[in-house]
Structure formats: structure tokens, C-alpha cells
Amino acid sequence: MHRQSSRRPDPARNQVTARLQSLLGRSVPEAGRGRPGPIDPLLKLAIVCALAGLIAVPLHYGLSPFLVEFDELVALPWLRTVLLASGALLLGHAALTLFFSLLYRPTPAPHADLPRCTVIVPAYNEGPMVGVALGSILVGDYPRDRLEVLAIDDGSTDDTWTHIQRIAREHPDVVRAIRMPKNGGKREALRAGFAAATGEVVVTVDSDSRLDPDALRQIVAPIMADPRVAAVAGKVLVLNRYSGLITRLLAIRFFLAFDLGRAAQSRFGAVLCCPGALTAYRRSAVLAVLDRWATQTFLGEPCTIGEDRALTTWLLRTGHRAVYQSTAIVHTLVPTHYAGLARMYLRWERGNLREGLTLLPVLATRWRREDRWWPTIDILLELGQVPLACLAVALTVTHLLAAPLDILRLVATIAVFALVQSLYALRSERSTDFLYGVGYAFFAFLCLQWIYPWSLVTVRNGRWLTR
């Protein structure tokens, strides 16, 4: 029996934090921030009232008059029906997502009989940040005699390999340094890691991330508790959230994407994307699809982006469950400027379109009958973002030209939608930072809508864009 070892000395953990602060040039969030607390009765009442407003306000003041005037303006009678149906589906999906997320509970972490765990950290031109990522793993509370860390340099041209070698020399009993002969991409680096791993559970961690001390113990819990589970998504928070306005907006966006979206998907064992920043896999399940995943093509082109979404898709296609563990927390770096953010979203959306089109036929014909309805709706809405984004732009531009005051109705509708979701962030934020969720909604509507149609046009483009 392998009992949980005592936590590493605080000085070691403080050294990792200090090194990170020196890299970012400012304070960083404390480990563990973002854990949801109990929802007090007042907050529950606020969420219920906001949910009622989510349904009532847009229908009464926003969508109905807005669409009537738009229908008259463009003289397309069928458009009103299409948009009303889409709006009703979006409202229903938002309400059910909130409902299922409130029912979600993480799997309790084990204190004994922990499995052997291999952590794969692929790195490319990450510099000293890879040392922070590896350090956060090593100072965690997972027993060292049950831990293996594979630090993989994917053909870096900077000093990444130097930092990996230093960590490997300092911890030869745990860390193994692997150097790829050339830069083959993250998918190839992960393939090498999965092939070399010896653990029953394999965890992937991005090299620009920092784990909470108990993240590994938390992330393996669902795999130990349920033999049907092959993938567990951790909770990704923004490490550099105080670096500017965009990072503050993304901090709330990330929180909602995980504690709302993935929590709801987890109820059906169908988390659609287990993130590369922190995911645990059952090694036997991955090895069964490893070669097909690594050599995947789409429309005749090799798939080089969206490797985390693709691996999740393969595991779901083979009948396994993918769930979310909100207590397994990782903090990751995000872009601080609009150009970097747009490139990141464009890369993600191309992968989402590809994998949505791949998984949808399986869900409709061969997947678990009792669970298929929710992920099917998720994917349909995901794929529907392209035409909906085009309609939203046309709707907005038309009304700005013909009836400028009507845009206020749209503003009210967006604000109500965003406020409902942002209130949910109070579970962990307990500060006015949750209001950045409202700001993100307007930012996304005004500045990110073009990504959806452009990702469809360029879906075969496999460039990483941020490298």
C-alpha cells in the first residue's frame, strides 16, 4: 500500500514561485486559487433570478423586436424562424448547462493505493519556463516512488534543453530527459512520451504551466474510481491573469469554460476536449489508438494542431468516458495581446471544426444511447457557430445603419447572458473580477466573430501560428 507522502518543504515550493515571478515580472496567483467554494443561499438566489432574466429579458426586450425589424428590413421571411429557433436552442442550452454544472461533483482524491503515474512535459523553445513547469510537478504531494516525469525537448533552438538537463540531473530518480532529433510538433513529442511511459496513468502537462501541489493526486482519482474513464480533464486557470486587460478577460472565460461547460459535459462522460495543459489518461486506452491518432489526416492533410481535442475524440469514439476533475488545477500562460489571442483561438477553432465533424456521425449512430443527446447538441452548436457568427455580424451592421437605437436591445441581451454566467464565477472569485465576464462577452462579439467563418475557410491549415 502506497500512502500519500508528506508535502515537500515549503522552501522548494516557494523557489518555484519566485522563479516564476522573476519570469513574469509581477505577482502570480496563489496555488489553489479557483477552487469552488460552497454556494451560499444568497448567491443561489442571484443565479436563479439571473437565469429567469436570461430567458425573459431577451425575449421581451431584445430578440423579438430586434428580429421583427430585421425581418422587415431584409425581406426574408424564413430568417426570423431560423433565428428564433437558434435563439431558443441557445437559451435552452445555456440554462441546461448551468443546471448540469450545479449538479456536478468532483471525484474524491485517494490517499492510498495511488497508481504509478507518468507525467509528460513536451517543450519547444520554452526557455526557463520549462523549469517552472517541471519544478511544480516535483514539489507536489504525489509519492516520488510512484512518479515518473518525461521532459521532452521537441527540437528547441533556444536554451530549453539546458533547463531540462539541469532538472534531470537534480532529480535523476524521477525525471528522464528526452530530446527529439528535430522539431516534429507537439503530437510527435507526445507520441514519443506515451510510447516511453511506464505508468498506469499518463498525465500531460504543458511546458508553460504550473501545477497546484495536489493536482496529480486529484487528476488520477476518476480513473481509479471508474474503469470506464479513459481521460480526465483538469481545471485550467490563467497564470498571468494580471498582465493586462486581455488576460483578465480570459481568466473569467477559462473559469466558465471549465466549471460550466466541461462540468456539464462530465455528467454524460463526454468532455469533448481534455486540455493539453493538464489531462490524465489511462495508458492502455491511449496505446490502443496511439498510431491512428499520431498519423491522423483530414481532407488529405496531416493533422498537426488540436492534438488534445483529437485524442479525446479518439477515446470517445472507442467507447470510453472523458470526465472533468475541478479539483485538479493548473495555471497556464495565455497571450497578452490581441494578435496572439486571435491566433490561439483560430488554431483551436480549426481543431474544433475538424473533430466535431469527425465525432458527430459516431455520436448519432454508435455511441452510448443514454448519453448521446447532450454531446450531440454541444457539437451541433459548436458547428453552428460559423453561420450564426455570419448572421450576427449581418444583423448588427444592418441595424447600425438602419436603426442605431435598436442596437441597445442587443447590448442588453448580451449583458444579461454574460451576467448569468459571470455570477457563477463568484463561487471562486468572491470579488468584482467576475464582472470581466461581461466585458469578455462584448469583446468576443465585437472582436472575435470573424474567427468562426475564417476557421472554416482555412480548416485544412495545420500551422501552429504561435510558434
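Read-outs: derived from the displayed coordinates by stated rules, not from any lab. Please read these numbers as outputs of a predicted model, since none were measured by experiment. A quick note on method: Cβ atoms are made from the backbone with ideal geometry, for glycine too, and the neighbour counts reach across all protein chains shown.
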*So which trypsin sites (Lys or Arg not before Pro) in the stretch 136-174 pass both tests, a DSSP loop state and at most 16 other Cβ atoms within 10 Å of the Cβ?*
none
*Mind listing which GluC sites (Glu not before Pro) in the stretch 305-406 are in a DSSP loop and have 13 or fewer other Cβ atoms within 10 Å?*
370
_If amide hydrogens are placed 1.01 Å from N in the peptide plane, which non-local residues have theirs closer than 5 Å to the one on residue 329?_
212, 215, 235
_Tell me the Kirkwood radius of the stretch 117-365: reciprocal of the mean inverse pair distance over distinct alpha-carbon atoms, in Å._
18.1
*With the dipole of the stretch 117-365 worked out from charges on the C-beta (+1 for Lys and Arg, -1 for Asp and Glu) around the Cα centre, which of 140, 242, 231 lies farthest toward the positive end?*
231
_Derived scalar couplings ³J(HN,Hα) [the stretch 115-125; Karplus, 6.51 cos²θ - 1.76 cosθ + 1.60; whole Hz; x for Gly, Pro]_ = x, 5, 10, 9, 10, 9, 10, x, 9, 9, 6
_Loop trypsin sites (Lys or Arg not before Pro), the stretch 363-399, which have at most 15 other Cβ atoms in a 10 Å radius of their Cβ (DSSP)_ = 366, 368, 369
*About its Cα centre, how strong a charge dipole does the stretch 112-242 have in debye, to the nearest 20, once Lys and Arg get +1 and Asp and Glu get -1 at the Cβ?*
200
_Percent RCO, i.e. relative contact order, over the stretch 117-365, from Cα pairs under 8 Å lying at least 6 residues apart_ = 23
*Cut-off 19 Å, label 7 Å out along Cα→Cβ of residue 457, residues of the stretch 302-333 by amide N*: none
*Distance (nanometres) between label positions extended 7 Å along Cα→Cβ at residue 242 and residue 357*: 4.4
